[in-house]
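What follows is a short report on a single structure.
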Amino acid sequence: MALSLSKKRAKSLKKSAKEHGFFHFILSKLLYRVPLTLLLLVLVFLWSSTTTIISGHIVHVCVSSRKINNLYCLSAGAQPNFGIPLPLTNASSVDDHEVEVSIQESVPSVDVKNTTLVPQEIASYIQENNINDHDLEVSLRESGPIVDIKNNTTPVMQEIASYVQENNINDHKLEVSIQESGPTVDIKDGKALVTQDIPSYHVQENNTNLIVKKNIDYDRLSEFESAVKVVEEHLQVHRSWRSNSRSLTTCDGRGVYVYDLPPKFNKDLVAQCSDMSPWLDFCQFFSNEALGESIPKLGKGWYNTHQYSLEPIFHSRVLKHPCRVYNENEAKLFYVPFYGGLDILRWHFKNASPDVKDTLALELVEWLKLQKPWALNSGKDHVFVLGKVSWDFRRRDDSPWGSTFLNLEEMQNPIKLLIERQPWHVNDIGIPHPTYFHPHSDEDIISWQFKIIQSSRNNLVSFSGGARPDSPDSIRSVLINQCTLASTGTCKFQNCSSGGCDQPESIIELFLESEFCLQPPGDSPTRKSVFDSLISGCIPVFFDPFTAYYQYSWHLPEDHGKYSMFIDQEEVRKLKVNVVEWLMKIPKKAKDDMRRYIVYELLPGLIYGDSSSDFEQFQDAFSITMNNLLEKVTRLE
């Protein structure tokens, strides 16, 4: 239902009709509705053929996809079709609406500085006619002193009044159009109640037009809020699986069985290391049980570890776990050492069909179906460690990227440990990216802690990364610009696009010298750099909650303020905040407290020790993960 005050009882509009003639009045109203009707039809069509997905507080739309339940269809290395920025906040008073406000200047005739009336008239009309849950269209055409834009208290009118005053616009005819579509718009005392956290309205001039316009799709905002609620609920479930013990006290009834898979599922994939990339020989990263070549410059326990080496690293540690059993009947947890990330990686740069990319994963599932333990609990007590982001294993129908391994029905029950989880799948659990540091003993960790707590932090801020010129949603170029324009010694930019990040020691040395490390999203929300900065004592600055807050519930605390800073990327994109200047205001005590927490509380649990590591005082990332896994599967009974 659409209502127009211009066709009802508003005295000012009746007056307008008389002045212009009855026929002209009716014709203008009919013509006014035609484009709006066409627009609504187009919007309905687009909605019926789109999928809504979410990255951080960006709602993306994958056109021509019917998988509405796939709330995030971004794959690493693939770009979404387009994005609609939404705030990470709760809209307490407005749900499921689109609000559009536009003001246009035309023939000079009215002094708007001394005009009066309108919002009260709207509110009165709505109240008198019991309009509560309708599509509402309000059109106010002024031909005389009607609207008081100077003293009106609504946020939109204040923005308009400010612009008019600043630009000396005081003798024009104004046409004001306010449209709200959707149920339960709360308009009271002339105010549409919208939370202040929603991005502000923008004012711009286009030739002779003054336009103040903001579109907010509350259907998408409502879906986003519901999706975030699901994510937070899943994280609470993950936290409930955490073991209360800081060490493994007993293996009684907690056996870990490691499947002896045919080599094509793991060892043979490693053997293809020289053919995985056309410009890089991956074999160098698989030496030293996949830790890579040692880095003497950084000291004992440092290796050139590739970010996708987690699968063989984890495998080598499980083989030596104290609770490992060789009789499947004694096991509580079943580990499947499938190197699915390497399987995907070998096809990234080859012209292979989707069927070819899926072959090995499908063969693995068929192999597992023949195993007795798999059938007993439908795979619920089985765990996979996958060294790439979740989206690489959830290929979309319209994309050639990745495999469909995690889309398979058989893969919904098992536990999947990933460097980046799919936030709406409760059995996806995020665990840290492997860093360059793999200590062997407690002493190795303590020695490193002492070094970084004493490190001279000559840079307030640093950013190690590259711009994303082909990604319109990326804020990296803005951050790089703010960093390079900052005063000397304030911010240091390490350009990875020109090879500045090829040497691990250069990255770690930069982080050791920095108070804060900027961590904007890249090809996907998470970054290995987050963990490199944390183990260097550099406080991470996040711009998207999906980079860490919604990922690593077993390894990072629920109170994110203990170890990080957060700036909404929308504020950066719209140039509302200069990140470097903002970080300059953080007190020294706050920085010192966060750094001590990172170094002494978080650091040990973020690194993976070497395959023969022996820790008594600390739990590393592997130990925390295994203890929590055993806690979870023990509760299956």
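The values are calculated or read from the model by the stated rules, or taken from the named source; none is laboratory data. These figures come from a predicted structure and were not determined experimentally. No Cβ is skipped: glycine too gets one built from the backbone with ideal geometry, and neighbour counts run over all protein chains shown. To get the accessible areas, we keep the full protein, side chains included, count just its heavy atoms, and leave off ligands, DNA and RNA. Shrake-Rupley method; radii C 1.70, N 1.55, O 1.52, S 1.80 Å.
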* Just the number, please: carbon plus sulfur as a percent of the accessible area of segment 237-363, 1.4 Å probe, no ligands or DNA/RNA counted. => 49
* Pull up all non-local amide H partners of residue 586: gap of 5 or more, or a different chain, and H-to-H distance under 5 Å with H placed in the peptide plane. => none
* Structure fact -> For segment 558-637, dividing by residue count, accessible area per residue (probe 1.4 Å) in Å² works out to 47
* To do: Keeping all protein chains in place, calculate the accessible area per residue for segment 226-315 (probe 1.4 angstrom), answer in Å².
  => 50
* To do: Could you order peptides 584-594, 615-625, 388-398, 255-265 by the average number of other Cβ atoms within 10 Å of their residues, highest first?
  => 388-398, 615-625, 255-265, 584-594
* To do: Using the Karplus curve 6.51 cos²θ - 1.76 cosθ + 1.60 with θ = phi - 60°, work out ³J(HN,Hα) for each residue of segment 221-237 in order, rounded to whole Hz, and write x for Gly and Pro.
  => 5, 5, 5, 5, 4, 5, 5, 5, 4, 5, 4, 5, 5, 5, 5, 5, 4
* To do: Give the carbon-plus-sulfur fraction of the accessible surface of segment 382-472 in %, rounded to a whole number; probe 1.4 Å, heavy atoms of protein chains only.
  => 49
* Which of the residue pairs 297/632; 350/388; 264/300; 388/576; 416/451 have a Cα-Cα distance greater than 29 Å in the structure shown? -> 297/632; 264/300; 388/576; 416/451
* Would you mind classifying segment 270-325 by shape? Square roots of the alpha carbon gyration tensor eigenvalues, ordered a ≥ b ≥ c; an a/c under 1.5 is rounded, otherwise it is prolate if a/b is larger than b/c and oblate if not. => oblate
* To do: With the full set of protein chains in place, find how many percent of the accessible area of segment 558-602 is carbon and sulfur; take the probe as 1.4 Å.
  => 54
* To do: Determine the per residue accessible area of segment 371-478 with all protein chains present and a 1.4 angstrom probe, expressed in square angstrom.
  => 34
* Considering only protein heavy atoms, what is the solvent-accessible area of residue 359 at a probe of 1.4 Å, reported in Å² to the nearest 10? -> 60
